[in-house]
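FYI, it's all coordinate maths here, none of it is from the lab. Note that the coordinates shown come from a computational prediction; the quantities given were computed from them, not determined experimentally. FYI the Cβ positions are ideal-geometry reconstructions off the backbone, even for glycines, and counts take in every protein chain you see.
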Amino acid sequence: MFTFELHTQKRNEFVEITDRVRHALKQSRVRQGSCMVYCPHTTAAITINENADPDVVHDMLLWLERAIPHVQPGFRHGEGNSDSHIKASLVGSSATLLIEEGSLVLGRWQGVYFCEFDGPRTRTVHVQVAALST
Amino acid sequence: MFTFELHTQKRNEFVEITDRVRHALKQSRVRQGSCMVYCPHTTAAITINENADPDVVHDMLLWLERAIPHVQPGFRHGEGNSDSHIKASLVGSSATLLIEEGSLVLGRWQGVYFCEFDGPRTRTVHVQVAALST
Amino acid sequence: MFTFELHTQKRNEFVEITDRVRHALKQSRVRQGSCMVYCPHTTAAITINENADPDVVHDMLLWLERAIPHVQPGFRHGEGNSDSHIKASLVGSSATLLIEEGSLVLGRWQGVYFCEFDGPRTRTVHVQVAALST
């Protein structure tokens with residue numbers, strides 16, 4: 001298992017981590033298999049989405065903040081970050097990627113993102129690379 | 001593959017199953033690898049989220065019920081549980097966890113939940129533990 | 001890794017691919033393990049849900065189109081398909097299935113769907129079948 005840290009700057013933010021996942025893959029020397037990117041936090045998530053135009057991430061965050069407002073009537077959780085927990089479960093705590101010929105199998109526009117929903121914080125990401133057994 | 005049953009009490013409810021996943025892991029004797037928790041139902045899901053303050057689950061369920069109401073104009077499905085199916089696909093039918101030194105790699109506040117969206121029912125969960133191949 | 005193409009007909013559409021995943025599984029000759037179905041596109045997704053009554057898919061698409069409208073104030077992405085990217089990250093880029101005795105472990109009503117959110121297009125799906133290592 002490979003672990004790295006990152007520092008987020010805003011309450012809601014997507015940080016691209018594709019190169020850090022590739023670094024973990026390289027260290028593993030696995031040529032064919034899969035790669036699990038895991039977020040051990042309950043107010044953050046991992047997703048795969050477009051990394052060409054930063055406006056895509058802008059619009060995703062805008063929708064998330066509108067659909068799941070920070071303050072809502074009836075919310076009980078004393079820390080006041082229930083919106084962050086909801087976003088985390090909708091986006092998901094991990095992403096799995098395929099590996100062929102020692103490289104991540106990503107679509108042309110795909111990148112891997114750490115999704116911060118309660119920053120700024122120092123966060124941890126785990127990456128496990130598994131060789132394919134057949 | 002390890003399989004267990006659980007009984008839900010409400011239409012919408014999160015049941016923590018972390019200890020039952022740990023039990024499956026212990027039986028497998030795997031020391032390093034990954035663990036897949038799978039829900040074979042189309043109106044329920046699996047998620048990883050906070051297990052310290054039960055108000056977090058309360059607020060997540062409150063948001064889900066508001067955002068995806070039980071009855072909606074235009075819904076056609078005769079069983080009247082389309083909201084349950086929508087919640088199931090948004091939260092997801094499985095969660096994957098990492099295993100190191102024979103233990104689940106969970107963040108400090110993370111637990112594994114079975115998410116009931118059309119209870120009360122008797123439900124089944126599958127757990128598959130895979131050793132890491134390198 | 002097994003790869004196949006499909007052609008979608010509408011902007012938003014779920015195409016069932018369970019039989020194509022089974023075909024990949026059969027070719028792999030794996031008897032016990034797991035199967036990863038991966039979508040290499042950023043405006044499409046993979047989900048597992050009911051395949052008995054087509055009204056379920058109708059209602060899921062209806063909710064998604066209402067909750068995440070095509071045009072929204074404040075959206076910046078020039079291609080005008082930010083709604084598609086949001087749906088893709090909520091539903092998720094992959095699904096993992098269990099394999100026992102050479103068959104997919106699916107619940108009675110479960111099927112695997114390719115979720116098109118920006119069609120019609122020609123799309124690609126990857127399937128990786130891994131034998132269980134213990």
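Label points for C:ASP19 are taken 7 Å from Cα along Cα→Cβ. From this copy to the others they lie 4.6, 4.6 nm apart, shortest first. Calculate how steeply helix A:54-67 sits against the longest principal axis of the alpha-carbon atoms of chain A, using the helix alpha-carbon long axis, and give the answer as 0 to 90 degrees to the nearest 10. Roughly 40 degrees, rounded to the nearest 10.
So what is the orientation-averaged projected area of the protein assembly as shown, using the convex hull of its C-alpha atoms, in nm²?
17.5
Mean per-residue shielding of peptide B:117-128 is 1, counting Cβ atoms of other chains within 10 Å of each Cβ.
Chain B residue nearest the rotation axis toward C, with distance: B:SER133, 3 (Cβ to axis, whole Å).
Compared with the dominant Cα axis of chain C, that is its longest principal axis, helix C:82-91 is turned about 30°. Taking the Cα centroid of region B:74-106 and of region C:58-111, what is the distance between the two, rounded to the nearest whole Å? Comparing the Cα centres of region B:74-106 and region C:58-111, I get a distance of 13 Å. Which angle from 0 to 90°, rounded to the nearest 10, does the C-alpha axis of helix B:18-28 make with the longest principal axis of chain B? That works out to roughly 40 degrees. Full extension of the chain between C:THR134 and C:ASP55 yields a length gain of 24.3 nm, computed as 0.36 nm times the residue separation minus the alpha carbon distance.
Partner aspartates and glutamates whose Cα lies under 14 Å from the Cα of A:LYS26, excluding those fewer than 8 positions away in the same chain, are identified as A:GLU100, A:GLU101.
Panel note: the C-alpha atoms of chain C, placed on their principal axes, show extents of 51, 29, 27 Å (largest first). Straight-line cross-link reach from C:LYS10 at under 14 Å between alpha-carbon atoms covers these aspartates and glutamates, not counting any fewer than eight positions away in the same chain: C:GLU65, C:GLU116, C:ASP118.
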